[in-house]
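One structure is given below, encoded as structure tokens.
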Amino acid sequence: MIKLIFKYLIIFASIFLLTQCDYRTSSQKRFSRTLDIKIPKDVEVIKDEYQDMWQDFAIVYEIKLTREEMSDLIKSIKDSKFYNDSAFVKDYVTQEMFIEQGDMKAVWAKMDSGYIFQNDFDRDAYSAQIDTINLVAKFDESHD
């Protein structure tokens, strides 16, 4: 009888832990680390979506920033190892703009309404658009 109760207790505890624990790295930390920037901590999150497609997935993270937070984010972008101060994007990012750092080839570039990030992806694609006019930042990650 005690073994049966113990067995059910273990099953219940396992189910509880699996349903209550968020084992995914937060989007804020994930994009900060990968895009080599510092996303302010207490921003208004507009969207934080994880889309699971079997072995593939997509993450969409969109935030609203104050003017001060945007200023800090811009400084962080300019300090990023992927920032190309001579790159200006009108239509799309070109191969000549990319900066290679370790195993990732990517670029932060200036555009009319803010900044854009894109990597030269194999299976993991990252992109970001920082709208300095409307104070909104949108980050995307997909694995194919």
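The values are calculated or read from the model by the stated rules, or taken from the named source; none is laboratory data. None of the values given here were measured: they were computed from a predicted structure. No Cβ is skipped: glycine too gets one built from the backbone with ideal geometry, and neighbour counts run over all protein chains shown.
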| query | Which of the residues belonging to the range 35-59 are surrounded by fewer than 17 Cβ atoms within 10 Å (Cβ to Cβ) and out of contact with any strand residue (DSSP E or B) (no Cβ under 6 Å at 6 or more places or on another chain)? | reply | 38, 41, 42, 52, 53, 54, 55
| message | Can you find, within the range 9-34, the residue that is surrounded by the most Cβ atoms within 10 Å (Cβ to Cβ) among those that are polar (S, T, N, Q) and modelled with pLDDT under 75? | response | 14
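Yes/no matrix, rows are residues, columns are (1) more than 20 Å from residue 25 (Cα to Cα); (2) touching a helix residue (DSSP H, G or I) at 6+ places or on another chain (Cβ under 7 Å):
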| position | (1), (2) |
| --- | --- |
| 38 | no, yes |
| 55 | no, no |
| 75 | yes, no |
| 80 | yes, no |
| 86 | yes, no |
| 109 | yes, yes |
| 123 | no, no |
| 126 | no, yes |
| 143 | no, no |
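Condition (residue is outside any helix (DSSP H, G or I), closer than 15 Å to residue 124 by Cβ and modelled with pLDDT of 90 or more) applied to the range 74-86: is it met by at least one residue?
Pass one, the range 74-86, residues outside any helix (DSSP H, G or I): 80-86.
Now restrict to residues that are closer than 15 Å to residue 124 by Cβ: 82.
With the extra rule that they be modelled with pLDDT of 90 or more, the set shrinks to 82.
Looking for residues that are outside any helix (DSSP H, G or I), closer than 15 Å to residue 124 by Cβ and modelled with pLDDT of 90 or more, one finds at least one in the range 74-86, hence yes.
Out of 72, 131, report the one residue that is closer than 19 Å to residue 43 by Cβ, touching a strand residue (DSSP E or B) at 6+ places or on another chain (Cβ under 7 Å), among the charged types (D, E, K, R) and surrounded by 13 or more Cβ atoms within 10 Å (Cβ to Cβ).
131 is the lone residue from the list that is closer than 19 Å to residue 43 by Cβ, touching a strand residue (DSSP E or B) at 6+ places or on another chain (Cβ under 7 Å), among the charged types (D, E, K, R) and surrounded by 13 or more Cβ atoms within 10 Å (Cβ to Cβ).
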